[in-house]
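Below is one structure; the comments refer to it alone.
The values are calculated or read from the model by the stated rules, or taken from the named source; none is laboratory data. In this text the structure is predicted, and so the values were computed from the model without any measurement. Cβ placement follows ideal geometry from the backbone for every residue including glycine, while neighbour counts extend to all protein chains displayed.
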Amino acid sequence: MLAVIMAGGRGERLSALSRERAKPAVPFAGKYRIIDFVLSNCVNSGLYQVIVLTQYQPASIIEHIGEGRPWGLVPPDRSIRLLQPFPAPERGRDWYKGTADAVFQNLDRIEVENVEDVLILSGDHVYKMDFRPMLEFHRKSRADITLAVTPIAKEELHRFGTVVVDKKGRISRFQEKVKKPQSNLASMGVYVFKKSVLRPCLEAAGAHDFGRDILPRLAAEGKLFAYTFDGYWRDIGTVSSYWQANMDMISMNPSFLYDAAWTIHTKESEKPPTRISATANVVDCLLASGCIIEGHVEHSILSPRVSVGKGAVVRDSIIMNDTIIGRDSVVDLAILDETVTVAESCHVGYGSDHLTIRKRPRISTSGLTLISKNTRIPAGVTIGRDLII
């Protein structure tokens, strides 16, 4: 089976986090990038032929993945190829108009592979999944197309494509992001296609997106089967969901990140150990290497080379690479992107109001404060909640 990962998403609802990087390249859980999880799922499932489709800010993905060595995807018997769109009207090529169009424009590269099935994946989800049982189900069912689905809380269903499944596992209806879905089973953005049916499915006029155009039609024709996944799965679609998924990594059973049998691989550089000084207090955190902690850090995630000064307090926050938090400053319920400097005696995330951002309510409604990359906050500044700096 060939794996095709769609990693070209802009991720506008992640706001400043995806302004200078593709959504799958956003840092996650201290040392990882979001795309590391799907890449690790592939290699841990024994899938060593991978294509990654990029578009928005492709350099962020290319620089992270490189030749695929951290995931063991190096020739001669393994490979990872990163493909970018390019406008060439005479060859039917343009910027991708959607997820299905991205795959369609690269069918010539997919169809030459000596495989029976093609696994199409989203690059912006956090989960651990062995794809082999799904492939076995797909072949035993003699299905043309199989979707992975998972139960989702009712209040979140409107963000996803949902399916209605009969007793035989066949999908009778696919609904893309409707207000009142008929089922609590959400599509995970994990599709297995027989290679032989991929082109006919994608050639329909105006069919640019899997969820909006392709899957509802195939469900109506009785060509879709559902494979139910009951493990942890999160779509990183908003700032709030990004923060919550990171916090889940702290509160969940440690086996999610610490399972030696299912390693989450990533690109890493050499860094010194983290130092926790005598003045520090660290409670319920994930700490990457190279940090220097002299203050109080609680229920937070620190990426490599973060510095927390004496008397500083970091609480319920995500602090990314090379960020400095000065002495006696407070960072509460916040996300600080890479290379942020918070000078001494500042307060980021001040107050208890969880008011919606009035002009951009789709970004955050949970009281989070987001400080974008390379920001410098002068000494003594107070920044409230639900703000983007």
Q: Would you be able to tell me the number of residues in the stretch 208-254 that are over 23 Å from Val26 (Cα atoms) and part of a helix (DSSP H, G or I)?
A: 11
Q: Inspect the stretch 126-136 for any residue being touching a Phe, Trp or Tyr at 6+ places or on another chain (Cβ under 7 Å), touching a residue at least 12 places away in the same chain (Cβ under 8 Å), in the same structural domain as Gly8 (by TED's automatic domain parsing) and part of a loop (DSSP other than H, G, I, E, B) and give the result as yes or no.
A: yes
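Would you point out which residue out of Ala205, Ala143 is surrounded by fewer than 20 Cβ atoms within 10 Å (Cβ to Cβ), modelled with pLDDT under 95 and assigned to a loop (DSSP other than H, G, I, E, B)?
Criteria check complete, one pass: Ala205.
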(Q) Conditions first: (1) of a type outside the set (A, V, I, L, M, F, W, C); (2) over 29 Å from Gly367 (Cα atoms); (3) over 18 Å from the mean Cα position of the chain (by Cα). His265 passes all but one, so which condition is the exception? (A) (3)
Q) Out of all the residues in the stretch 255-266, which are of a type outside the set (A, V, I, L, M, F, W, C), at pLDDT below 95 and either assigned to a helix (DSSP H, G or I) or surrounded by 18 or more Cβ atoms within 10 Å (Cβ to Cβ) (or both)? A) Ser255, Tyr258
Q: Can you work out which of the residues in the stretch 175-202 that are of a type in the set (Gly, Ala, Ser) and assigned to a strand (DSSP E or B) is farthest from Asp124 (Cα to Cα)?
A: Ala186
Q: Please tell me if Ala100 is more than 16 Å from Phe225 (Cβ to Cβ), within 20 Å of the chain's Cα centre (by Cα), modelled with pLDDT under 95 and hydrophobic (A, V, I, L, M, F, W, C).
A: yes
Q | Subset of the stretch 175-202 [buried (at least 16 other Cβ atoms within 10 Å of the Cβ) and either of a type in the set (Phe, Trp, Tyr) or free of Cβ contacts under 8 Å to residues at least 12 places away in the same chain (or both)] | A | Tyr191, Phe193
**Q.** Whichever residue in the stretch 154-174 is free of Cβ contacts under 8 Å to residues at least 24 places away in the same chain and part of a loop (DSSP other than H, G, I, E, B) and, among such residues, is nearest to Leu185 (Cα to Cα)
**A.** Asp166
Q. Could you list, in sequence order, the residues of the stretch 350-377 that are in contact with a Leu (Cβ under 9 Å, 6 or more places away or on another chain) and either among the polar types (S, T, N, Q) or modelled with pLDDT of 95 or more (or both)?
A. Ser364, Thr365, Ser366, Thr369, Leu370, Ile371, Ser372, Lys373, Thr375
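Please find, among Ile110, Ile62, the residue that is within 19 Å of the chain's Cα centre (by Cα) and assigned to a helix (DSSP H, G or I).
Sole residue among the options that is within 19 Å of the chain's Cα centre (by Cα) and assigned to a helix (DSSP H, G or I): Ile62.
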Q: Considering only the stretch 269-284, state which residues are surrounded by fewer than 18 Cβ atoms within 10 Å (Cβ to Cβ) and either among the hydrophobic types (A, V, I, L, M, F, W, C) or in contact with a Lys or Arg (Cβ under 7 Å, 6 or more places away or on another chain) (or both).
A: Lys271, Ile276, Ala278, Thr279, Ala280, Val283
Q | Asp108 vs. criteria touching a helix residue (DSSP H, G or I) at 6+ places or on another chain (Cβ under 9 Å) and either within 28 Å of Asp144 (Cβ to Cβ) or modelled with pLDDT of 95 or more (or both) | A | no
Q. Just wondering, is there one or more residues in the stretch 72-92 that are in contact (Cβ under 8 Å) with a residue 40 or more places away in the chain and assigned to a helix (DSSP H, G or I)?
A. no
Q: For the stretch 23-44, indicate whether the set of residues that are more than 29 Å from Lys194 (Cβ to Cβ), part of a helix (DSSP H, G or I), assigned by TED's automatic domain parsing to the domain that holds Trp233 and not charged (D, E, K, R) is non-empty.
A: yes
